[in-house]
Amino acid sequence: MAMITTLSGPSLPPAAGGSPRQLVILLHGYGSDGNDLIGLAPFFAQALPHAEFLAPNAPERTSMGFGYQWFGITSLDPQLMKAGAARAAVTLDAFIADALAARKLNVGQLALIGFSQGSMMALDRALRLGGSKAIVAFSGMVANPEPRLAPDAARPPILLVHGTADAVVPFSRLAEAESVLTKAGFPVETQICPGIGHSIDQAGATRAAQFLARHLGGA
């Protein structure tokens, strides 16, 4: 399956107008596209009025005939996810670097919000580079738990949000991700959403907005 080397997708300019002071990149899940998450941007913009929001489509089309994927996946097989995340990281990292440069911003003004497979990519970037000011991961997991981060690299705060009734990415993956990230030196917060499946509920979104305002609002 061919890689799309230049990512594109919907965006939302700063609610306050003017040039962005922060950049928030939303990474969608398997089989979806940027339109799925950009709908959250107006809600988060209430907490971050000076942020621009980008929701790129992932680099590959799925074999289902609709939607995009960061990498092909038929199961939560560790080796499959590890290799897939590494392949997609090349395109994602280039997109982030270009987006920051175009706006004259730096990684201290960047936040990542991921959902499902998008969360895998956001957490993988954290474990490789640090590479942002804050990260929110909804219904996700760690694709590659092996330590790859330089000892002196910045470790952004991370919020893990997961529903207890998730039938796609099991709720137990939250504790696994928290353990891996904490051992790697990241400050981790969690939001458990009782009875929620593979989705984002109001409580989770509200906690995420508060988290982002606290860590990115002054950037």
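The values are calculated or read from the model by the stated rules, or taken from the named source; none is laboratory data. Owing to the predicted nature of the structure, the values given are computational and were not obtained by experimental measurement. All Cβ positions, even for glycine, are placed from backbone atoms using ideal geometry, and neighbour counts span all protein chains on display.
Summary table
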{"read-out": "Any hit, region 146-161, residues being loosely packed, with under 15 Cβ neighbours inside 10 Å, under 18 Å from the mean Cα position of the chain (by Cα), of a type outside the set (D, E, K, R) and not in a loop (DSSP other than H, G, I, E, B)", "value": "no"}
{"read-out": "Single match in G108, G67, G72, G114 (criterion: in contact with a strand residue (DSSP E or B) (Cβ under 8 Å, 6 or more places away or on another chain), in contact (Cβ under 8 Å) with a residue 24 or more places away in the chain and within 25 Å of R207 (Cβ to Cβ))", "value": "G114"}
{"read-out": "Options A16, A2; residue that is part of a loop (DSSP other than H, G, I, E, B), among the hydrophobic types (A, V, I, L, M, F, W, C), over 18 Å from G118 (Cβ atoms) and modelled with pLDDT under 95", "value": "A2"}
{"read-out": "Among the candidates G108, G140, residue that is touching a Lys or Arg at 6+ places or on another chain (Cβ under 9 Å), among the small types (G, A, S) and surrounded by fewer than 24 Cβ atoms within 10 Å (Cβ to Cβ)", "value": "G108"}
{"read-out": "Subset of region 72-83 [under 17 Å from E146 (Cβ atoms) and either modelled with pLDDT of 85 or more or part of a helix (DSSP H, G or I) (or both)]", "value": "P78, Q79, L80, M81, K82, A83"}
{"read-out": "Tally of residues being in contact with a Gly (Cβ under 8 Å, 6 or more places away or on another chain) and in a loop (DSSP other than H, G, I, E, B) across region 171-193", "value": "1"}
{"read-out": "A126 being among the hydrophobic types (A, V, I, L, M, F, W, C), in a strand (DSSP E or B) and under 26 Å from P20 (Cα atoms)", "value": "no"}
{"read-out": "Qualifying positions in region 135-184 - modelled with pLDDT under 95 and more than 22 Å from A83 (Cα to Cα)", "value": "P151, D152, A153, A154"}
{"read-out": "G204, sole failed condition from (1) more than 18 Å from A47 (Cα to Cα); (2) within 15 Å of the chain's Cα centre (by Cα); (3) assigned to a helix (DSSP H, G or I)", "value": "(1)"}
{"read-out": "A58 surrounded by fewer than 15 Cβ atoms within 10 Å (Cβ to Cβ), touching a helix residue (DSSP H, G or I) at 6+ places or on another chain (Cβ under 9 Å), at pLDDT 95 or above and in a loop (DSSP other than H, G, I, E, B)", "value": "no"}
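Okay, residues lined up against (1) closer than 21 Å to D93 by Cβ; (2) without any contact (Cβ under 8 Å) to a residue 12 or more places away in the chain; (3) out of contact with any strand residue (DSSP E or B) (no Cβ under 6 Å at 6 or more places or on another chain):
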| residue | (1), (2), (3) |
| --- | --- |
| P13 | no, no, no |
| A16 | no, no, yes |
| R21 | no, no, yes |
| I25 | yes, no, no |
| G34 | yes, no, yes |
| F44 | no, no, yes |
